[in-house]
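The next block holds one structure in the form of structure tokens; read it before the comments.
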Amino acid sequence: MTSTNLTETPLGLHFSEGSQGWLVRAEKQISYEVRFRDGIFRPEFTDLLEKAGGNEGTLRCFVIVDSNVDILHGDQIRAYFEHHRVDCSIMVVEANETVKDFETAARIVSEIDAFGIARRKDPLIVIGGGVLMDIVGLVASLYRRGAPFLRVPTTLIGLVDAGVGVKTGVNFNGHKNRLGTYASADLTLLDRRFLSTLDRRHIGNGLAEILKIALIKDATLFELLEEHGPTVLDEKFQGVTAAGEQAAQSVLHAAIQGMLEELQPNLWEAQLERCVDYGHTFSPTLEMRALPELLHGEAVCVDMALTTVMAFLRGQLTERQRDRIFAVMSALELPSWHPILDPDTLAHALQDTMRHRDGQQRLPLPVGIGGVTFVNDVTPQELEAACALLERLGDARVPEHGRRRDGESRQTSGASAA
Ligand SMILES: NC(=O)c1ccc[n+]([C@@H]2O[C@H](COP(=O)([O-])OP(=O)(O)OC[C@H]3O[C@@H](n4cnc5c(N)ncnc54)[C@H](O)[C@@H]3O)[C@@H](O)[C@H]2O)c1
Ligand SMILES: O=C(CO)[C@@H](O)[C@H](O)[C@H](O)[C@H](O)COP(=O)(O)O
Ligand SMILES: [Co+2]
């Protein structure tokens, strides 16, 4: 239907005499807030209640809490809702990548039905990491075709990535996020105090997504990670020292600002060349095939290590820049190699991602540190050469070996030195 033969009818509908059909056009403006608030469950803070329709005493909401968060913070969460006399049901859900599926989503729907929520007034509140937020986001977008929801991320990935955008999803048929929607939460409350109970490995996991932003758009953030990465990892972003506090605030602010700058103009991903897809070309296949060994950010880091080598081999990164990147990955205790990597697996992963990118590779590659370009000409030979070089340069630090527990002293890793 071309716009030239359209006649606008009085109420704004368009009719085409030529094709004898109507054209319906509508726009939906959305806005949502992502707000820092340390100590969100302290009784004096009412941010969480802003969107729970009704007055104090008549507030009603359905709360979904990650089971590990419930063990560590459940008493405070319950006390908060009791203090504010909120009529709520709290559902505790085990959440990790192996149960990020439609069955878990359906269980949550059943519980919501049993409790009963008013369609527009009573929000869902999700308190947990990226997995639970992705599942509950999907549920919220499906439930009566859209229920209000609020997010309280409790992991670093949740704070800097999964909690700030609009993508929801579950894994399906062995594929990462194969079922999903775009749905904005009404409000996300970022409370970094939750990170105090997160284990060290998951702090590193979140730092991988921060490193992603640094590598493709923010050289200053990269320098911050070079200088203060180990400190924020040690201090879990809690600001134990003055320098650590300054670094924690700067790193979180830059990472979220950078992410939102990329998301806002392309929220529905009309543009499939997304620099925030950096590290997410080969990693969906690697993550799912290595499940549960590689965490999301770890798989992203292995992908970034591979594409760092590809960019180096193309002359887009100097050897010095390449080695600085590997040194930061190592300092953040992240893997830059995994035994699952081989040219066939990589070629298969690229094929699957090409379908996701509508038939083209659209592979983001770094240009220097902080720049990006998209390429469509990667060959199997290039993957083979990059894989061979990465096997020499990379570090397969996985949980069993090379990873420190909290409190242990730091060891140098085998990754290439600057
Ligand atoms: N929607 C998006 O835009 C987006 C962006 C990035 C990542 N993701 C998704 O996020 C997921 C990864 O998220 P994640 O790393 O948060 O994993 P996760 O949700 O599995 O949480 C990691 C682990 O930490 C535990 N945990 C959560 N908070 C805790 C706390 N405060 N203290 C102690 N333990 C705690 C959880 O129980 C879990 O075992 C992936 O599935 C990824 O695809 C989505
Ligand atoms: O991991 C995620 C989202 O799951 C983010 O870090 C990232 O920025 C992008 O959204 C990813 O590229 C993933 O997108 P998709 O493959 O799920 O469409
Ligand atoms: Co990601």
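A compact table of results
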| item | result |
| --- | --- |
| Filter pass, Arg362 being outside the structural domain of Asn173 (by TED's automatic domain parsing), touching a residue at least 12 places away in the same chain (Cβ under 8 Å) and surrounded by fewer than 20 Cβ atoms within 10 Å (Cβ to Cβ) | yes |
| Close pairs from region 125-142: first assigned by TED's automatic domain parsing to the domain that holds Val63 and open to solvent by 10 Å² or more (accessible area, probe 1.4 Å), partner within 16 Å of ligand 3 (Cβ to nearest atom) and of a type in the set (Phe, Trp, Tyr), Cβ under 8 Å, at least 6 apart | Ser141/Tyr182 |
| Qualifying residue in region 351-359 (condition: over 24 Å from Glu262 (Cα atoms) and either open to solvent by 10 Å² or more (accessible area, probe 1.4 Å) or within 16 Å of ligand 3 (Cβ to nearest atom) (or both)) | yes |
| Criterion (under 30 Å from Thr285 (Cβ atoms) and charged (D, E, K, R)) met by exactly one of Lys176, Lys236 | Lys176 |
| Filtered residues of region 36-89 (kept if of a type in the set (Phe, Trp, Tyr) and either touching a helix residue (DSSP H, G or I) at 6+ places or on another chain (Cβ under 6 Å) or not in a helix (DSSP H, G or I) (or both)) | Phe36, Phe41, Phe45, Phe62 |
| Which listed residue is in contact with a His (Cβ under 6 Å, 6 or more places away or on another chain) and of a type in the set (Gly, Ala, Ser), from Ala208, Ala247 | Ala247 |
| When residues of region 159-168 are limited to those that are more than 11 Å from ligand 3 (Cβ to nearest atom) and open to solvent by less than 10 Å² (accessible area, probe 1.4 Å), the one nearest to Leu132 (Cα to Cα) | Gly163 |
| Within region 20-46, considering residues that are at pLDDT 95 or above and charged (D, E, K, R), the one surrounded by the most Cβ atoms within 10 Å (Cβ to Cβ) | Arg37 |
| Residue that is farthest from ligand 1 (Cβ to nearest atom) [pool: residues in region 164-221 that are among the β-branched types (Val, Ile, Thr) and farther than 23 Å from Tyr143 by Cβ] | Thr220 |
| In region 171-201, residue farthest from the chain's Cα centre (by Cα) [restricted to those that are buried (at least 22 other Cβ atoms within 10 Å of the Cβ) and within 16 Å of ligand 3 (Cβ to nearest atom)] | Asn171 |
| Close pairs from region 223-235: first on the phi < 0 side of the Ramachandran plot and at pLDDT 95 or above, partner among the hydroxyl-bearing types (Ser, Thr, Tyr) and not in a helix (DSSP H, G or I), Cβ under 8 Å, at least 6 apart | Thr231/Thr241; Glu235/Thr241 |
| Counted residues, region 264-282 - those being under 18 Å from Leu156 (Cβ atoms) and aliphatic (A, V, I, L, M) | 1 |
| Check on Thr98, more than 13 Å from ligand 2 (Cβ to nearest atom), under 13 Å from the mean Cα position of the chain (by Cα) and either open to solvent by less than 10 Å² (accessible area, probe 1.4 Å) or not basic (Lys, Arg) (or both) | no |
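The values are calculated or read from the model by the stated rules, or taken from the named source; none is laboratory data. Just so you know, these numbers come straight off a predicted model, no measurement behind them. Cβ atoms come from the backbone with ideal geometry, glycine included; neighbour counts cover every protein chain shown. The accessibility values were calculated without ligands, DNA or RNA, using every heavy atom of the protein model including side chains. Shrake-Rupley method; radii C 1.70, N 1.55, O 1.52, S 1.80 Å.
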